[in-house]
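One structure is given below, encoded as structure tokens.
The values are calculated or read from the model by the stated rules, or taken from the named source; none is laboratory data. Quick caveat, the model's predicted, so the values are computed rather than measured. As a convention, Cβ positions derive from the backbone with ideal geometry for all residues, glycine included, and neighbour counts pool all protein chains shown.
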Amino acid sequence: MRRTKILFVCIGNACRSQMAEAFARKYGSDVLEAESAGVAPASMIPEVTKKVMGEKGIKLDEQFPKGLGEVPFHEIEMVVNMSGVPLRGIPATRTREWRVKDPMGEKESVHAQVRDEIERYVMALVLELRQQKATWSPGPEQRAPRI
């Protein structure tokens, strides 16, 4: 079974969606491909976000804020919206709304709380996708031919 392509969205693509993308890659690379973007992308990922993710052994050095216009939507199968605003006109087969506080401008402890909440959400999503994969059976056109 191929991996589900998921887009995580927040306002600036600097904190929440970056955290979700990183956790998804760490915990669920067997069942998903993660991307992230922002409604109004920031210019950089804050050092405090990098620090709290580093506490979980995850480096964000290769990640950077992107806008929705940079996303290959024809490939995205699920959008996880953490922006708190409706995403209109986003083509995806499935959309999830995660209500997660925006830690931008908050102290480190708030970033850590948000990180832990997002980690729980991502882990639950990964488990859900693994269950779907375990119960999935290919249709006739997806079965290997008999030789």
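Can you tell which of 36, 83 is crowded, with 20+ Cβ neighbours inside 10 Å and assigned to a strand (DSSP E or B)?
Of 36, 83, the one residue that is crowded, with 20+ Cβ neighbours inside 10 Å and assigned to a strand (DSSP E or B) is 36.
Going residue by residue through the stretch 89-101, is there one that turns out to be of a type in the set (A, V, I, L, M) and surrounded by fewer than 17 Cβ atoms within 10 Å (Cβ to Cβ)?
Yes.
Look through 11, 76, 45, 6 and report the one residue that is crowded, with 18+ Cβ neighbours inside 10 Å, touching a Phe, Trp or Tyr at 6+ places or on another chain (Cβ under 8 Å) and either within 18 Å of residue 130 (Cα to Cα) or not hydroxyl-bearing (Ser, Thr, Tyr) (or both).
None of the others qualify; the one that does is 45.
Hey, residue 49 hits all of (1) more than 21 Å from residue 97 (Cα to Cα); (2) in contact (Cβ under 8 Å) with a residue 60 or more places away in the chain; (3) part of a loop (DSSP other than H, G, I, E, B) but one; which does it fall short on?
Of everything listed in (1) more than 21 Å from residue 97 (Cα to Cα); (2) in contact (Cβ under 8 Å) with a residue 60 or more places away in the chain; (3) part of a loop (DSSP other than H, G, I, E, B), residue 49 misses just condition (3).
Is it true that some residue in the stretch 131-146 is on the phi < 0 side of the Ramachandran plot, at pLDDT 95 or above and touching a Pro at 6+ places or on another chain (Cβ under 9 Å)?
So far as the stretch 131-146 goes, no, none of its residues is on the phi < 0 side of the Ramachandran plot, at pLDDT 95 or above and touching a Pro at 6+ places or on another chain (Cβ under 9 Å).
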